[in-house]
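Have a look at the structure below, then the notes.
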Amino acid sequence: MDIFEKIKNNRGPIGQHAKESHGYFTFPKLEGDIGPHMTFRGRKRLNWSLNNYLGLANHPEVRKADADAAAQFGFAAPMGARMMSGNSNYHEQLENELSAFVNKQDTILCNFGYQATVSAIDCLVDRRDVIVYDAESHACILDGVRLHMGKRYVFKHNDIEDCEKQLERATKLSEETGGGILVITEGVFGMRGDQGIIKEIAALKSKYNFRLFVDDAHGCGTMGKNGGGTGVEQGCQDDIDIYFGTFAKSFALIGGFISSDEQVVEYLRYNMRSQIFAKSLPLPLVVGALKRLELMRNHPEYREKLWEITRALQSGLVEAGFDIGVTNSPVTPVYMNGSIPEATNLIIDLRENYDIFCSMVVYPVVPKGMIILRLIPTAVHTIEDVKYTIDAFSKIVHKLKSGQYMADKIASV
Ligand SMILES: Cc1ncc(COP(=O)(O)O)c(C=O)c1O
C-alpha cells in the first residue's frame, strides 16, 4: 500500500469534512485585535471562542512589551538548545518567577504546552513504572502515555473509586516490576469545565505510593488565590508533585512550563528530549511572558472581572433554562440535543443572524445527538455581551426545538 494512496482514501475523522467545512467551521479566520469583538468574514462578531481569560492578549502594556522585545532582541535569539547555547538570564528569571507564582521550588520552560506534557511524561517514567490517568485527559497526556513502554491503567473521568481501583492494580504490578506509579489528571477539563478531583486523588497518597502530575492549562491564571492554579483553589497545591501550565491561555502567548521540586526539574533539564534536542524559546516570548506575569500578579482585578463575567454568564444561562453541566471554572459548555445538520444550521444562524462566534462540539467528540456550544468568558467581555448572548441563545434553542434547523432547511454560507 502506498502511503499517499492510503491518505487519499481516508481523510481522517475531521478531515473527511474538509471540503464543506474549511474556512467556516474549521480553520475560520478571526481578524483584528484579539478580544470579544473580532471580524469574521468581513463583519464584527461577538466572540466567545478564545482562551484569552484575563484579557491580556491586547493589553497595551503587553503589546508594547512584545513590540519592544522584538525590536531589541529579534526572534532568532537565543540560538540553539538551552543546554548548548540557548540559555539566557531572562529564561532563568522567568523560571524563578513562575516557580514563585505556582508555589513550587523550580521550573523548566518549554516551547509548547503540548510538547511539554508529552515530553515530561516520557522523561519521568521507564518501562517498569505504571501510569494511572483520567479517561478524559487532553490529547497531550494521551500522547505522553502512548510513548510509555510500561503498563498504564485508565480511570473513569473524575471517579475516585475507579481511580483507587486502578491504583490497587498499579501497586500490585509495580511491586512485581520494582517500578513506581505516576497518576495524571487535569486541573480544569477544557471541554466540560469541571475541575479534576486533585484533592481526593492526593488524599490517596496516605494509602498508596505514587506521584501526581496535573495539567493545569486552563487553571493557571484563572483559579486559586492570585491565579496560582487549581491546586491552590482546592487547597492541595503542595500535593501536586509535577505541575504543568501553558502560556497559550491566560498568558495569551505561546510556550509552557513544568514546575516541581528542584531535583526533579534538574532531572528534566538534563533529560527531557524535547528540550535538550530543540531550540529554546525566543527572547521576545520570554520577555513577553515576564510582562504578563507581572500584570497577573499586580492586577487581581483582571481575574475578579473574569469571574464576574463567568458568574453572570453561567447563572444567566441556567436561569434561562440551559444545561451547562458540571462546570466549576470559566469554561462554559451549553448542552443541546440535535443532529449534526441541525448543529450546522444552528451555528450558521448564530454567526450570520446574531453575529455570535463560538465553538461547537458534535459527534464523534461527544455522543451522537449531543451538541455542545462552548463559551469562554474573559475579563474583557461585558455584562451587555452576556445579556445579548443569552437572549440570542434563547431564540436559537427555540428554533432548534421547533425543528427549524432540520436537514432539509440547510442554510448556505
Ligand atoms: C488541557 C490542555 N493541556 C495542554 C494543552 C496544550 O497547550 P499548548 O497549546 O500550549 O500546546 C492544552 C491547550 O490546547 C490544553 O487544553
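Helix 262-271 versus the longest principal axis of the chain: what angle, 0 to 90°, nearest 10, using Cα atoms?
80
Got a sec to turn the phi values of the stretch 298-305 into Karplus ³J(HN,Hα) couplings, 6.51 cos²θ - 1.76 cosθ + 1.60 with θ = phi - 60°, whole Hz, x for Gly and Pro?
Per-residue couplings from phi come out as 8, 10, x, 5, 5, 5, 4, 5 Hz.
Check which residues have an amide H placed less than 5 Å from Asp134's amide H, if you skip close sequence neighbours.
Excluding prolines and chain starts, which carry no amide H, the hits are Phe155, Ile184.
Build a GNM of the chain with springs between Cα atoms under 10 Å: which of Gln115, Gln16, Gln263 gets the top mean-square fluctuation?
For the chain, modelled as a Gaussian network with Cα springs under 10 Å, the answer is Gln16.
In the stretch 61-298, what % of DSSP beta bridges are antiparallel (nearest 5)? Please report the intermediate quantities before stating the final value.
Details: 10 of 26 bridges.
So the antiparallel bridges in the stretch 61-298 amount to around 40 percent.
Apply the Karplus curve 6.51 cos²θ - 1.76 cosθ + 1.60, θ = phi - 60°, to the phi angles in the stretch 114-119 and return the couplings in whole Hz, x for Gly and Pro.
Karplus-based 3J(HN,Hα) across the stretch 114-119 equals 4, 5, 4, 5, 3, 6 Hz.
Explain nothing, just the number: relative contact order of the stretch 1-97, from Cα pairs under 8 Å at least 6 residues apart, as a whole percent.
Computed over the stretch 1-97, the figure is 11 percent.
Please list 3J(HN,Hα) in residue order for the stretch 6-16, calculated via the Karplus relation 6.51 cos²θ - 1.76 cosθ + 1.60 where θ = phi - 60°; whole Hz, with x for glycine and proline.
With the stated coefficients, the stretch 6-16 comes to 4, 6, 5, 8, 10, 8, x, x, 9, x, 5 Hz.
Ignoring trypsin sites (Lys or Arg not before Pro) that are buried or in helix or strand per DSSP, and keeping those with at most 13 other beta carbon atoms within 10 Å, what is the longest stretch of the chain between them? Let's see the in-between values first.
Values: sites that count: Arg11, Lys29, Arg127, Lys207, Lys368.
The answer is 208-367.
If you average the sequence gap of Cα pairs under 8 Å that are 6 or more apart and divide by the length of the stretch 61-298, what percent do you get for the contact order?
It comes to 30 percent, rounded to a whole number.
Using modelled amide H (1.01 Å from N, peptide plane; none on Pro or chain starts), what sits under 5 Å from the amide H of Gly255, excluding residues fewer than 5 places away?
So Gly255 has HN proximity to Gly113, Phe247, Ala248.
Can you tell me, using C-alpha contacts under 8 Å and at least 6 residues apart, the relative contact order of the chain as a whole percent? Intermediate results must be reported in sequence, preceding the final value.
On the way: 765 pairs, mean separation 84.3, N = 413.
Reported as a whole number, the value is 20 percent.
What residues qualify as long-range amide H neighbours of Asn47, i.e. H under 5 Å apart, gap of 5 or more or another chain, H built at 1.01 Å from N?
Distant-sequence amide H within range of Asn47: His37, Met38, Phe357.
Read-outs throughout are calculated quantities, based only on the coordinates presented, and are distinct from any laboratory measurement. Keep in mind it's a predicted model, so treat the numbers as computed, not measured. No Cβ is skipped: glycine too gets one built from the backbone with ideal geometry, and neighbour counts run over all protein chains shown.
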